[in-house]
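The values are calculated or read from the model by the stated rules, or taken from the named source; none is laboratory data. Bear in mind the structure is a predicted one, so any value in this text is a computation, not a measurement. Note that we place each Cβ from the backbone using ideal geometry, even for glycine, and neighbour counts take in every protein chain shown. For the accessible areas, the whole protein counts, side chains as well, though only heavy atoms, and no ligand, DNA or RNA atoms are used. Shrake-Rupley method; radii C 1.70, N 1.55, O 1.52, S 1.80 Å.
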Amino acid sequence: MGKVIVCFCEDVTLDEIRKAIKEGYRDLEHLKRLLGIGTGPCQGKQCLITVARILAEDTGISVSEIRLPTFRPPARPVPLGVLAGAGLEEE
Amino acid sequence: MQASKKSEYVVVGGGVVGLSIAYHLAKLGASVTIVEKRYVGSGSSTRNAANARAHFFNREASLLAWESLKRMRKLSRDLGYNTLFVRRGYLWLFYKEEHLEAMRRYMKTWKELGIPEGKILGVDELAKRYPYLNLRGIVGGYLADANGRYHHDAVVRAYWINCRRLGVSILEYVEARKVLVRSGRAVGVETSTGAFEAEKAVVLAAGPWTRVLAETVGVELPIEPIRKEAMVTEPLKITIKPLVINTKVNAYAQQTLRGEVLLSSATPLDVPTWSYQHTYQFPIRAAKAMVETIPALATVNWLRQWAGHYATTPDHNPVLGYVDEVENLAVASGFSGHGFMLAPAVGEFMALLLEKGYLHPVMAPFDPGRFKEGRMIREDLVIG
Ligand SMILES: Cc1cc2nc3c(=O)[nH]c(=O)nc-3n(C[C@H](O)[C@H](O)[C@H](O)COP(=O)(O)OP(=O)(O)OC[C@H]3O[C@@H](n4cnc5c(N)ncnc54)[C@H](O)[C@@H]3O)c2cc1C
Ligand code: FES
């Protein structure tokens, strides 16, 4: 089997994820920080659920027990100039 | 790994400071257990901007920071893991002549202390070196090129791996609830999974939560959990080399090692709170300040924002050493906005104090007793 890409934004493969889990990184937060999964333009919307599933398979932890990293704003990329000129008055 | 419930030291907090202390203790041959209520690094150690400097506006903090910066620069070699330090420099931009004057005075002090003193840059020089800056209103800058950035996740991981190698037991998702005291002496901690005994000392390196744990045994520490926010953009080719500081509104921008632009700014919402809730006012304020300073940022896409804590003390300096009220109870917290950069020196000096009874003179001024005794460390210049 060729390379299986799991995180498209950051080009992270299934093999890299499995290797990190073997090395003892058993938390999505640790995998995110080691491999960069979830830090691309989609901020993990495409990949994190899949990585959670892989983590569950490889460790025997059930998917429902795996803690997902916090999803943070913005929902979509926004140019800084739009924010800067937002004209929203601060409280 | 089966957790042993007895060790010479119990360190509460698996942030960079707890890890560095545990690593140095283990290197001196001690047995150490770290209890961390969430995952390693889950506090401010994975939420910071990753900058390290030696230049503070008083002697005590500058000396400690310089000792730490020297260690940070060679950390990769010492820990056998690439912690990715780069000497990008800090560039402060000034809008008032008097601030430039003050910098000239501090440069003399830094020089006396043996710290590379950096240089003042006039407006022409700034325009030549940093063509991306909007210099309107700026009277000059100060470049400290001895300073730089590390990779916070890599540093945390490097200490973590070395702790494990030296037999430190690191327990994630174990929360300390209370310090256990017998005859006026700390003997362990009560946690969510039972008691852990400490034969030599209990060390609280729990960020702003250190205050809460100290209170369980009647020790008062003036540490506030001030929420601080940061944000990043998509990655770009690295063009903005130094950390660019807009001293008018106390905001900064820089590029991470991956090229993302990281921005932060002081806001009126930097208030004491345990919450990591982000605000909508923060990104607007940070973007306004830094798009004004670096206009080309206007077209760059913002991807993420988050919040962490500055564990802030009345003099904005850390609290390091044994507390007076309870024997064998030590703390390392209150780092305000600059605890990560101090971790290499603080870990080493704390371990010397705990294991060898040696109080390093550079760490001595930061003792927990100073607030009650009115020996605060004075920050002479607050820019902004
Ligand atoms: C936006 C932002 C930018 C920053 N920029 C910089 C910078 O550029 N340079 C710099 O040097 N510093 C910076 N800082 C400050 C720096 O992040 C902190 O000073 C540093 O990380 C402190 O490390 P620590 O180990 O003391 O605390 P933390 O990393 O907060 O670790 C404390 C740990 O203790 C754990 N804990 C708490 N209570 C308990 C309990 N009861 N039981 C068990 N565990 C517990 C927490 O879960 C946490 O993991 C910044 C901070 C923020 C928020
Ligand atoms: S696919 Fe992983 S961050 Fe977008």
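Quick notes on this structure:
- Carbon plus sulfur fraction of accessible area for the stretch B:212-362, probe 1.4 Å, in percent: 57
- Nonlocal amide H pairs with B:ARG177, under 5 Å, H built at 1.01 Å: B:GLU190, B:THR191, B:SER192
- For chain A, chymotrypsin sites (Phe, Trp or Tyr not before Pro) meeting the loop criterion (DSSP other than H, G, I, E, B) and having at most 12 other Cβ atoms within 10 Å: A:PHE8, A:PHE71.
- Residues with amide H under 5 Å from that of B:THR247, placed H, sequence gap 5 or more: B:LEU93
- C-alpha center-to-center spacing [the stretch B:189-222, the stretch B:72-103] in angstrom: 33
- Degrees, to the nearest 10: B:281-293 long Cα axis against longest axis of chain B: 40
- Whole-angstrom gap from the stretch A:1-77 to the stretch B:301-374, using each part's C-alpha centre: 34
- Computed E for B:LEU135/B:TRP274 - FRET, C-beta separation, R0 30 angstrom, nearest 0.05: 0.15
- Taken residue by residue and averaged, Cβ atoms of other chains lying within 10 Å of the Cβ of B:293-300 number 3.
- Net charge over other residues, Cβ less than 13 angstrom from the Cβ of B:ARG304 (K, R count +1; D, E count -1): +3
- Label separation (B:LEU359 vs B:ARG87): 3.5 nm, computed from points 7 Å beyond Cα along the C-beta direction.
- Accessible area in square angstrom per residue, the stretch B:128-185, 1.4 angstrom probe: 45
- With 20 Å² as the minimum drop in accessible area between chain alone and full protein complex (1.4 Å probe), the qualifying residues in the stretch A:49-82 are A:ARG67, A:ARG72, A:PRO73, A:PRO74, A:PRO77, A:VAL78, A:PRO79, A:LEU80, A:GLY81.
- Pairwise label distance in nanometres, B:LYS74 with A:LYS22, each label 7 Å out on the Cα-Cβ vector: 3.6
- Within the stretch B:78-99, backbone nitrogen closer than 14 Å to the virtual label 7 Å beyond the Cα of B:LYS27 toward Cβ: B:78-81
- Computed log10 I(q)/I(0) for the stretch B:78-183 at 0.14, 0.20, 0.22 Å⁻¹: -0.76, -1.04, -1.16, from the Debye equation with unit scatterers placed on every C-alpha and solvent omitted.
- Residue-normalised accessible area of chain A, given per residue in Å² at a 1.4 Å probe: 57
- Helix-only mean residue ellipticity at 222 nm for chain A, each DSSP H run of n ≥ 4 adding -39500 (n - 2.57), per residue, nearest 500: -10500 deg cm²/dmol
- Karplus-based coupling profile of the stretch B:122-130, in residue order and whole Hz: x, 4, 4, 4, 4, 5, 6, 6, 10, with θ = phi - 60° in 6.51 cos²θ - 1.76 cosθ + 1.60 and x standing for Gly or Pro.
- Förster radius 35 Å - calculated FRET efficiency between A:ARG67 and B:LYS128, Cβ distance, rounded to 0.05: 0.10
- Over the stretch B:277-384, equivalent-ellipsoid semi-axes from the Cα gyration tensor in Å: 37, 15, 13
- Excluding ligands, DNA and RNA and using a 1.4 Å probe, chains A and B jointly bury around 3000 Å² of accessible surface, summed across both partners.
- Cα-based helix-to-principal-axis angle, B:59-73 vs chain B, degrees rounded to 10: 90
- Computed over protein heavy atoms with a 1.4 Å probe, the accessible surface of the stretch B:246-384 works out to 36 Å² per residue.
- Between B:ILE120 and B:LEU236, residue separation times 0.36 nm minus the direct Cα-Cα distance comes to 38.9 nm.
- Taking θ as phi - 60° and the Karplus parameters 6.51, -1.76 and 1.60, the scalar couplings of the stretch B:257-262 work out to 5, 8, x, 5, 8, 9 Hz in sequence order, x denoting glycine and proline.
- Members of the stretch B:271-292 that become less accessible by 50 Å² or more once partner protein chains are added (1.4 angstrom probe, chain alone as reference): B:GLN281, B:ILE284, B:LYS288
- For the stretch B:35-138, relative contact order (Cα pairs under 8 Å, six or more residues apart, normalised by length) works out to 20 percent.
- 20 Å Cα-Cα threshold exceeded, pairs from B:LYS228/B:LYS288; B:LYS27/B:LYS356; B:LYS74/B:LYS128; B:LYS248/B:LYS288; B:LYS70/B:LYS111: B:LYS74/B:LYS128
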